[in-house]
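The values are calculated or read from the model by the stated rules, or taken from the named source; none is laboratory data. The model shown is predicted, which means the values in this text are computed figures rather than measured ones. No Cβ is skipped: glycine too gets one built from the backbone with ideal geometry, and neighbour counts run over all protein chains shown.
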Amino acid sequence: MSHRVFSLCQSGLRPTALLAAFVALLLGHASSAALADPATTPAIQVQAGKSDSLAGSLPAGATGYAEITGLGHLLERLQNSSYLQTLKSTPQFHELEKAPQYQQVDAVRKIVEAQLGMNLWKAAEELFGGRLALAVYPKSDGNPVGNAVAVLRGANPAVLTQVRERIEPFLSLANAQPEASDVIPGTKLFSNGGQAFVAWGDSWLAAASTRELLDKSLGLLSGKEQGALANDEAFRGMSAKMGSEHVVRAFANMGLLTKAKGSRLTPEKVDNPVVSMLVGGILELAAASPYVGLALDVSDHRFVVTSGIAGDSRQLDEAHRVFFSDPAGPGTPDIPQLPSLIGGFTFHLDLANWYKQREKLLEPQVLPGFDQFETGIANLLPGKDVGEDIVPLIGRNVTFVAAPQDYSHLDGKPGVKLPGFGLVIELAKAEEGGDLFQLFFQTISAILNLASGQQKHEPWVMKSESYKDIQISYGRYLKKPVGNQLPLVFNFMPASARVGNKFIISSSIETCRQLIDQLQSPTRGPGRPNRNLDFEVHPAALADILEANREVFQARSIQQGSDSKKAEAEFSTLLELIRFFDSFRLSTNVLPEAFQVQLEGSWK
Amino acid sequence: MSDSQTPAAALRPYDPSARGGLTRRDATHLLWRLQYGATQAEIDQAFTAGLQNTLERRLTPQPESPQFQSADNLLRRTAYDTGNIADLKAWWLYRMLHSANPLVEKLSLFWHNHFATSNAKVQSVPNMAAQNDLIRQHAAGNFRPLLHGMARDVAMLVWLDGNANRKRQPNENFAREVMELFSLDVGNYTERDIKEAARAFSGWQVRDGKFWFNPLQHDSGSKTVFGKSAVLNGDDVVDLCLAQPACPRFLAQKLLRTFVVSAPDAGLIDALAQRIRFHDFAMTPVLRELFGSQLFFSPEARTALIKSPLDLVLGAYRSLDSHPKLSNAIPLLAALGQDVFEPPTVKGWDGGRLWISSASILQRANFATDLVTGNRLGTIADPDQSVSQLPDGTSETIVRHYADLLLNRDLEPDVLSRLAGYMNQSQGAREQRIRGVIQLIMTMPEYQLV
C-alpha cells in the first residue's frame, strides 16, 4: 500500500466549493410526492458506506462539519433519473447547450475525461462511493473557519489509483515536491509553499490547509492518535439527538463560533414583524444552543432534510416563550385537507403576548408601524384597543389554506383565476372573539363593496345560511356578473363562519363549507408528534391552477422576448417538472430539549 | 423640394429609374417611414423589389403568419384577463414589431395621437382595445367613417364626458375637440359653432359599456353650425366638419409633419389637402401618392425627422433583429415621453423637437447601452453572426455596415476611421468590440433622426 502527501497551491483546491456544489446537486435533484407524518413513516434507509462516520478521522475542535455518505450511489441515481432526462429534453437545456460558457465547460470536461481515461460521472460514482467529510477550524487570526480538512474514504481503489497516476505528473509540474510523512510510514509529503496539503492511499484521500491538521487526520485515520471531532461534547450531543447515519450530515459548533465572534451569533431583535413571528424563537434558541445540526436522508421517492437546534424552549425568557407550543402537546392543528388542496400553512404563536412583548422582540425603528396599524384598526373598530381588546381574543394558532376557487357567484369566470383561500383563526374567547371578527368581517365587506361600486362593478348584499348548524355569512351579487374574462376582483366573494372557538374567513361560500366539514370532522387523527409550524404544498394541485392561467404565463413569456411556440414549450416543461413531484412539507417540532425543522418532499 | 419646384410638382411620382433605380438609401428611407426600423433583410428585399412593389406591399393588407396570430391573440386575451393596461400596451407594441402590416400599425399610432384618448381616465382595457380596433380598421381606409365612429366610441365618450352632455346642460368637451383637434384646427370655427354642435351631440351616451342614444337627453331643436341651420344631430355635425376646407388641410399638415418633413410650408399643405379632398378622405391613395412622391425622396425629407420614442426603441429592436422584453420597454417608452394608450393630454404628443431634452437625450443613450450590452430590455442578434455575410470582416466594412443599417448615411472619413480604430484597438472578444461600435453609432446625434 502506498501513501503520498502533496502540498498544493491554495487556488487549486477548493473543498468547500466542491462540497457546496455536491449538496446543491443533491438538493436540486430531490423532488416531492405525498407527505407522511414522521410518526407513521418508516425511517429512510440510508445508502451508507461500509465504514463508520469520518468524524472519527477529523481532529477535534471543528467549528463546522459536513459529511456525505454514499454520494456515488446518489450520483448514479441522478444520472439515471427520469427527472434529469426531462430536464435535458427541455428547450431551455437545448438553448443552454448552445451557450459558449456551456460549450467551454463541456470542452474542459472532455479534456479532463481524456486525461483521467474515464467518464466523469463514473469517476465521481466510484470515488465518492464511500464517505466524504469536510471540517473547518478556527485560524489564529480569529477567522472561525480559516482552516479546513477534507477526508474521503471508501473510494474504489482501482479508480483512485488511476486518478492519482494521471494527476501526479501535473502536481510535479506545479512544483509540488514529495516529502516523507512520519505519521503513516511510506507516505510521502509534498510541500509547495505550505498552504494546502493532500495525501492519499489505496482507497482514501485527505487534504488540509495546514500540515498539522493533515498529520492529525492521518494519525486518526491510522488509529495512532486520539482527540477526534466525534468525541467533542457538542458533536456527541448532536449525534445522540439526530443519529450518525445520514446521506448528508452537517454540524455547527455554536459555542466555538460564538467564542470566535465574541458576541451572540443571532440578533437579539429583528427588524421585521413577520420574520419575528416565523423565526424569532429559532433565532433565540440557536443563540444559546451548543450546536445546530442538519441531516439529509434520501430514499427512492422521498427526501427529508432535518435541522436540529439543542435547547429547551421552556427555559427561555417570557418574551421568547411566545413562539413555542408545549412539547408535550400536538402544537398547531393539522392543515384542513380540502378537496384539491393546493397548499396550507399553520403556525403556533401566542399572539397576545408577542404583541405585548414587541418592544423586547423587535428593533425600535419598526415599532411606529404598530402605532399606525392601531390607528387603522381604530378606524374600523371604533372604541377598541388592539392590545387590550382585540389581540387577546385571538388564540395561539392560525391556519391558512389555498384551494381551487368556486365561481358559483358568477355567471362565467374571471380572466385570471386565482386560488381560493381560507383563514382559520383560533379564538381565545369564542363568543366575544367571534362577535368581534364578525363585526370586522362585515365592516371590511362594506368597504370593499363601496370600492367595488366606485369601479362600476356589481354591488353585493350580505346573506346568511345555516350549514350543519353553523351560520355562514357571505356576499352575493345582486346580479351575477357575466363573462369569461371578468376582472381580477371577481375571483372572490367573501364568507365567514364560527365553528366552536375557530373563526373562518374564506374567499367563497363553498370553501367556507369545506372548512366547516373539516373542522367538524378532521380527516387526520390525533396522536401525532408536536408541530409548531406546518407548511405543505401539493404540486399537482399547484400545477392545475397554473395550467388554468396558462395563457397569462405564456403571454408574460412573449412579453419577455420569447416567441409563442417557445413560450408554450417553456410553460409545458414547467408544469411537467412541477407534476414530477408529489408533495412538499416544511414543519417545525418543539421537543423537550431541542427544536427541529424538517423539510420533506416526495416525487413520482 | 427644390426651390424651382411647385408644391403640386413636389407630389408628382418619384421615378428612381431616372437616377439609376432605387438605391439602398432610398429603400431604407422608405421603410423607416412606413414602419419602425428595418432589418438588413427587409432593406435588401425592398432594394430588389423596387419602389412600386415595396409601396404596394405595405399599402395592401398582407396575411399574418399563424405564429403572429397565436401570439397576438394570447397577448390580447391576457390584457382582457388581467385588466392591466400595461398588457394591452405590450400587445400593441408586439403588433408594431411583428405584424406583416407594419404601416397599419404606424398609421394606427398616428390616429391614436390624433384622437388622443387616455386610459388614465377611461380605466378600461376592453374600451381602449375597442377604440384601437376602430382606429386600425380605418387606419389606411377612409377618414369619414373613422371620425363618425369616433363620435360613438365608448372610450372617447368616457374620455370627453359624453354622459354629461345633456339636453338642458350641454357639455362642450367633445364638440370642441371634434372641431379643434379632430377635424379643423383652431381658428376655423366659432364658439357658437361649438355650443350648437354640443347640442347636436347631446344624449350620445354610454350605457352598460356600449354606445347609447338617449332620446330624452337629446336636444332635437334646430341648430346653426357653420352657418347652416337645421335640426342637426351629431352625424350631421361630423359631416359639416368634413365638408369644411380646413379639414383636409388639417389632416394634410399632420400627415406631412409625421411622415415627411417637420415644418411643411403652406403650399405643400394645400397641395396635399387637394389630394385628400380629391380622394374624398380615402387614405390609401393619398399615402400612395405621398410616399411615392418626389417630395418624399427629396434631400430635405431624408433623415429630417426626430425619432419618436417608438421609432427609437422599436426601430432599434427591429434593425438589430432583437428579442425585445416588451414589458421592460413600456416604462422606458413612458420615461422617454411616449406612453401609448396614455397620451399626456387630449392634444396627444406634440413630438418633433420636443422629443429631445437634456434628460431624454441621456435616456436615449442609456437605452442604446442597455440594449446592446445588456439584457434588461432584450437581446440583439449575435453581431458576429450578423456580420458573417459581409464581403470581408475588416473593421471598416463592419462600421460601414452598421452605419448604413442604423444611420442610413455615409460616415465622414474621420468618423469612419475613428470607429474602425476603436474596433481595432479596444479590448475583448470581437463580438464585444462590434457591440461597442454599435453602441457608439447609436449614441451619435445622427441616430436620433429618421
Based on this model, can you work out whether residue A:434 counts as more than 14 Å from every other protein chain (Cβ to nearest Cβ), of a type in the set (Gly, Ala, Ser), outside any strand (DSSP E or B) and in contact with a Lys or Arg (Cβ under 8 Å, 6 or more places away or on another chain)? yes
Helices (runs of 4 or more DSSP H) enclosed by the stretch B:26-105 - at least 2 residues per element that are within 14 Å of chain A (Cβ to nearest Cβ) and in contact with a Ser or Thr (Cβ under 8 Å, 6 or more places away or on another chain): B:66-82, B:85-98
Answer residue from the stretch A:249-278, given it is surrounded by 20 or more Cβ atoms within 10 Å (Cβ to Cβ) and among the polar types (S, T, N, Q) and is farthest from residue A:533 (Cα to Cα) among those: A:253
Subset of the stretch A:468-498 (residues that are under 19 Å from residue A:437 (Cα atoms), in contact (Cβ under 8 Å) with a residue 24 or more places away in the chain and in contact with a helix residue (DSSP H, G or I) (Cβ under 8 Å, 6 or more places away or on another chain)): A:470, A:472, A:473, A:474, A:475, A:493, A:494, A:496, A:497, A:498
Being touching a Phe, Trp or Tyr at 6+ places or on another chain (Cβ under 7 Å) and either in contact (Cβ under 8 Å) with a residue 60 or more places away in the chain or on the phi > 0 side of the Ramachandran plot (or both): is that true of residue B:88 here? yes
Taking residue A:431 as the residue in question, decide whether it is touching a Leu at 6+ places or on another chain (Cβ under 7 Å) and free of Cβ contacts under 8 Å to residues at least 24 places away in the same chain. no
Can you tell me which of (1) outside any strand (DSSP E or B); (2) in contact with an Asp or Glu (Cβ under 6 Å, 6 or more places away or on another chain) is the one residue A:472 doesn't meet? (1)
Go through the stretch A:547-601 and count every residue that is among the basic types (Lys, Arg) and within 14 Å of chain B (Cβ to nearest Cβ). 4
Which ones in the stretch B:224-253 are surrounded by fewer than 18 Cβ atoms within 10 Å (Cβ to Cβ) and among the charged types (D, E, K, R)? B:228, B:235, B:236, B:239
Being closer than 29 Å to residue A:210 by Cβ, in contact with a strand residue (DSSP E or B) (Cβ under 7 Å, 6 or more places away or on another chain) and part of a helix (DSSP H, G or I) narrows A:171, A:132, A:74, A:152 down to just A:171
Which of the residues that make up the stretch A:525-557 are part of a helix (DSSP H, G or I), in contact (Cβ under 8 Å) with a residue 12 or more places away in the chain and of a type in the set (Asp, Glu)? A:544, A:547
Does residue A:525 satisfy the condition of being modelled with pLDDT under 90 and either within 14 Å of another protein chain (Cβ to nearest Cβ) or surrounded by fewer than 17 Cβ atoms within 10 Å (Cβ to Cβ) (or both)? yes
Might you let me know whether the stretch B:113-125 holds any residue that is surrounded by fewer than 19 Cβ atoms within 10 Å (Cβ to Cβ), of a type outside the set (Gly, Ala, Ser) and within 14 Å of chain A (Cβ to nearest Cβ)? yes
Yes or no: residue A:453 small (Gly, Ala, Ser), touching a Pro at 6+ places or on another chain (Cβ under 6 Å) and at pLDDT below 95? yes
Please enumerate the residues belonging to the stretch B:256-292 that are among the aliphatic types (A, V, I, L, M), under 20 Å from residue B:57 (Cβ atoms) and either in a helix (DSSP H, G or I) or modelled with pLDDT under 95 (or both). B:283, B:286, B:287, B:290
What tally of residues in the stretch B:341-364 results from selecting those that are over 16 Å from residue B:115 (Cβ atoms) and out of contact with any Gly (no Cβ under 7 Å at 6 or more places or on another chain)? 11
One residue is enough: does the stretch B:431-439 have a residue meeting the conditions touching a strand residue (DSSP E or B) at 6+ places or on another chain (Cβ under 9 Å), part of a helix (DSSP H, G or I) and not small (Gly, Ala, Ser)? no
